[in-house]
Every structure is written in C-alpha cells, then in structure tokens.
Amino acid sequence: MDYDAAIIGAGPAGYAAAIRLAQMSKKVVLIERDKIGGECLNYGCIPSKALIELANSINYLKEMPGITLDARVDMKKWQEWKWGMINRLTSGVETLCKSQGVTILKGSAEIMDRNRVKVGDTEVSAENLVIATGSSPVKLPSFEGVSYNREILDIQKIPESLIIVGGGYIGVELGTAFAKLGSKVTIVEMMENILPGVDRELVNPVERRMKALGIQVLTSTKVESVVKEKEIFHVTVSGNVSLEADHILVTVGRKPNTEGFGLEKLGLEMNGKFIKIDSRCETSVKGVYAIGDVSGEPMLAHRAYYQADIAAQNIAGHEAEIDYHAMPFVIYSDPEISYTGKKDSGVSVFPLAANGRALGMNSTTGTYRIYYDSDGTVTGAGIVAPHSSEMISEVTLSVESSLSVNDIALTIHPHPTVSEGLKEAAEGAFGKPLHFKTGR
Ligand code: NAD
C-alpha cells in the first residue's frame, strides 16, 4: 500500500487527522477538491466570527454613552482584508501539513474500493480510509437568487434590509451582526422559538438584546414564496403577510456531503443522512473511518477536531473512544451563549448585571448558571455574557475532571474579569456569592 491512511476532505476533521497521524509517523495522503481548511476556515466559522467582530466593534462604541459615531464600512476593503487573513491561515495549515510529511493531493476524490482512491489520473492505495467530506447548506431551490452562508459572508455592500429564513445558529449570529452594521433585519423561524433546542433561560437575554437592536423576529412562521423583482425580494410568509428586502439569507440547516465521490461502493451502514460510526469513529467497514459533519450531529468544528484525534489514535493502533459528556456549545450572539455538560438537581444562578467588569463594558443582560449533582460535582453550565466562549472551557474542564462547585468557588479568579461571575455562581451553590444576596 502507498499510505497508512488516505483522508478525503481537508476541513478541521481531515487536516487535523492528517497532522495527528503524521505526528505518529504514519504516511498520509490528504485529498481536497477546494481549499485547505474546508468550510470552517474559508466560508464559515472564521469569516463569520470576523464579521461579527467588525459589527461588535462598531456597535460597542455606538452604544457607549457620550460617543457620537459616524462609522462607515467599506465592505470591499474589509473583504480584501478578510481573504488575506483567511489565506494566511489556510496557507499556514497547508505548510504545517507538508512540514509534517503529509502528501496533499488537490482534486476531487473518487473512491474505488476500501483501499483505493482516484484523484484525476492518480490512484493511491491506503490501509485506512478517512471520510471527512463535511456538509453543505440545505438549499431551498424554489427561492431563486437567495444567499447561503458563502454568499452572505462574501457580500460587497451591507444590505439595507435583510430577511433571514431560519433562526438557528447562523440566523441569530449573522442577523445580529448585520443589524449592528445597519441592516434592517427580519428573522423568520418556523418553530415556536429561535434557537430551538437551546435552553430558554439562555436564549431569553439574547432575544431581549435582539429586540433592542431592532431585529424583527417572526416565530411559528413559514416562508410561503419568494419573488425577486428589480433587485428587491418580495416575500410572503404565513398568514399572507408580505415582507420586502434587498437580500435574503437562507440558514435552515446543513446536510452531510455523502454523494458524488463513490461512497456507495463501500456499502456503509448509514444513520439517517449521516455515515454511521462507532465510538472509535470507525464505520461499519473495517479500516474506513468517518469524522466531522459527515458523521453526525452536532455539526461543530471542535467536535471534528476531537474526532480527528480519536480516529488517528485508532488508525495508529492506540485504542481511543469518543466521550461527549462535556461537549461545549457556543452561539456568537449578543451576548455570547455558551454551555456545556448537562443540567442536574443543583443549580446556582448569578446575574451578569452584578459583575463589575461587565458593567464597565456596558453589558448587563446575561446570566451564569452552574449545575451540580447531590455531591456538589459540577455537571454543566450555561453562560450568557461577553466572551463566554472564552470562559466555558473552565466548566468543561471541571466536568471532565469531576471537580466540585467548591473547587471553582475556591479558585482565585483575576479581578476585574467577566469570569469572576462563574466563581460567584459556584459560591452561590452554598448561598454565599460575594456580590449578590441569594434567598438562602
Ligand atoms: P440550525 O439547525 O442551527 O438552524 C436552522 C433553523 O432553521 C432551525 O431553527 C429551524 O427550525 C429553522 N428552519 C428550518 N426550515 C425552515 C423554514 N423552511 N423556514 C423557517 N425556518 C426554518 O442551522 P444553521 O443555522 O443553518 O447552521 C448550520 C449548522 O452550522 C448547524 O448545525 C450548526 O451546528 C453549525 N453552526 C455552528 C455555529 C457555532 O458553533 N457557533 C455557528 C454557525 C453554524
């Protein structure tokens, strides 16, 4: 065989598996038809968070008392910067792969059998096959001319008005960002609430902020039709209500990429639309692994990185199994929602408004919720606060390490920081946060 492993797809799942295998002295070929870094680095996580950062920076000043701001954004210039930043990142990853000895093949892979893959005229053989082909947005083909994540993130001019179909992760994150950049934003969500599946206690503060930012949220509402006339979209939603906007973003979920590269030849067992894997990330065919979005939900880049480690360990002959009991989730809303682990019999809540650093940031809408079992062992948390994405790992580590609320409460947190609120929530488990009087 030419290689120990052939990996199809160079997103966070594929390139991470390639690097990990190379670090264990395995011979790897990484096949990519588009750009190294996949959807996340090129068209998803990284550019969307950059756009959110731009919007937050402007809005932060706009909302500061005493500031008069006439900020104008030249999106063309920003896009040039953005692509420069992304290219730096992805070429860095490519260089890293090569420097570790990974062979990169550019082109579309065609699986021939479980050991052979064709890329154009080149055929490679490998002991193991790793499918890391990612996912694509669910499209609504009858809505012509609408944008999906790639198009909206490449926009050259901020829309005056934007209708977003789908109030999930992307809808809330980008809806908030464009509202801050000056667009009139309407989110149409077919379920009863935006961010269905996320704890209401965490979503409520964010909904209040969205309202304050002027975002119109229509829940239990379906888009019936979209007609584009002279650059304006005319949209009819449930109840025959008419809306208009110069842009429409459709964010109604993603689907795994399982077609068009010969996957069917392997006869793998499926789990709905996803490839079925076991706790070692191996599929129903020995030596064939599937990692990242193609292997199931939640479709998150950090799950992909984690699975890449697990698959690489198993391919290299070291037993490793997935354990998601402390999986973090982050929604880059305003403020950010971050949660991890699970709820339990014990819960202690501390309000963001009692945190001095958050007050100084002019940000008071939010909450810290920490969950623990009858022994006081931390089982999870939900934090709605500025930069909660940077704080949630403290709880994830606590859950992973079976630490107690007392451990967090006794840990010296730097002052003044937003992270102190977590310590105070932990103290609240004993009824004694410093800056808040609880009912105990
Ligand atoms: P999503 O599943 O988060 O949300 C889709 C939303 O669209 C749901 O609320 C659903 O009820 C709604 N919907 C579906 N059909 C509809 C219709 N016809 N009309 C109105 N509403 C409809 O999907 P997404 O926002 O497209 O994001 C895609 C994936 O990307 C998600 O799986 C998410 O995990 C991932 N993502 C993660 C992050 C993050 O981790 N911060 C950010 C962005 C995206």
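The values are calculated or read from the model by the stated rules, or taken from the named source; none is laboratory data. These numbers were taken from a predicted model, which means no experiment stands behind them. Neighbour counts run over all protein chains shown; Cβ positions are idealised from the backbone, glycine included. Just so you know, the surface numbers come from the protein's heavy atoms only, side chains and all, with ligands and any DNA or RNA stripped out. Shrake-Rupley method; radii C 1.70, N 1.55, O 1.52, S 1.80 Å.
For this structure, a couple of remarks:
- Residue ID - surrounded by the most Cβ atoms within 10 Å (Cβ to Cβ), chosen from residues in the stretch 160-184 that are assigned to a loop (DSSP other than H, G, I, E, B) and touching a Leu at 6+ places or on another chain (Cβ under 9 Å): GLY167
- One residue stands out in the stretch 185-200 among those that are of a type in the set (A, V, I, L, M) and not in a loop (DSSP other than H, G, I, E, B): the one that is nearest to the ligand (Cβ to nearest atom), namely VAL188.
Residues checked against (1) part of a strand (DSSP E or B); (2) in the same structural domain as GLU259 (by TED's automatic domain parsing); (3) over 30 Å from GLY260 (Cβ atoms); (4) open to solvent by less than 30 Å² (accessible area, probe 1.4 Å):
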| position | (1), (2), (3), (4) |
| --- | --- |
| ALA10 | no, yes, no, yes |
| SER25 | no, yes, yes, no |
| ILE67 | no, yes, yes, no |
| GLY92 | no, yes, no, no |
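- ILE194 meets all of the listed conditions (1) surrounded by fewer than 23 Cβ atoms within 10 Å (Cβ to Cβ); (2) touching a residue at least 24 places away in the same chain (Cβ under 8 Å) but one, namely (1).
- Condition met for LEU61 (part of a strand (DSSP E or B) and either among the small types (Gly, Ala, Ser) or not assigned by TED's automatic domain parsing to the domain that holds GLY175 (or both)): no
- Only one of the numbered conditions (1) in contact (Cβ under 8 Å) with a residue 60 or more places away in the chain; (2) within 13 Å of the ligand (Cβ to nearest atom) is violated by SER125, and that is (2).
- Residues within the stretch 114-159 that are assigned to a strand (DSSP E or B), over 19 Å from GLY292 (Cβ atoms) and open to solvent by 30 Å² or more (accessible area, probe 1.4 Å), tallied: 5
- Condition broken by LEU243, with the remaining ones in (1) under 28 Å from ALA301 (Cα atoms); (2) touching a residue at least 40 places away in the same chain (Cβ under 8 Å) satisfied: (1)
- Residue, farthest from the ligand (Cβ to nearest atom), within the stretch 291-314, restricted to residues that are within 16 Å of GLN23 (Cα to Cα), out of contact with any helix residue (DSSP H, G or I) (no Cβ under 8 Å at 6 or more places or on another chain) and open to solvent by less than 20 Å² (accessible area, probe 1.4 Å): ASN314
- Of all residues in the stretch 421-440, exactly one satisfies the criterion of being of a type in the set (A, V, I, L, M), open to solvent by 10 Å² or more (accessible area, probe 1.4 Å) and either modelled with pLDDT under 95 or not in a loop (DSSP other than H, G, I, E, B) (or both), namely LEU434.
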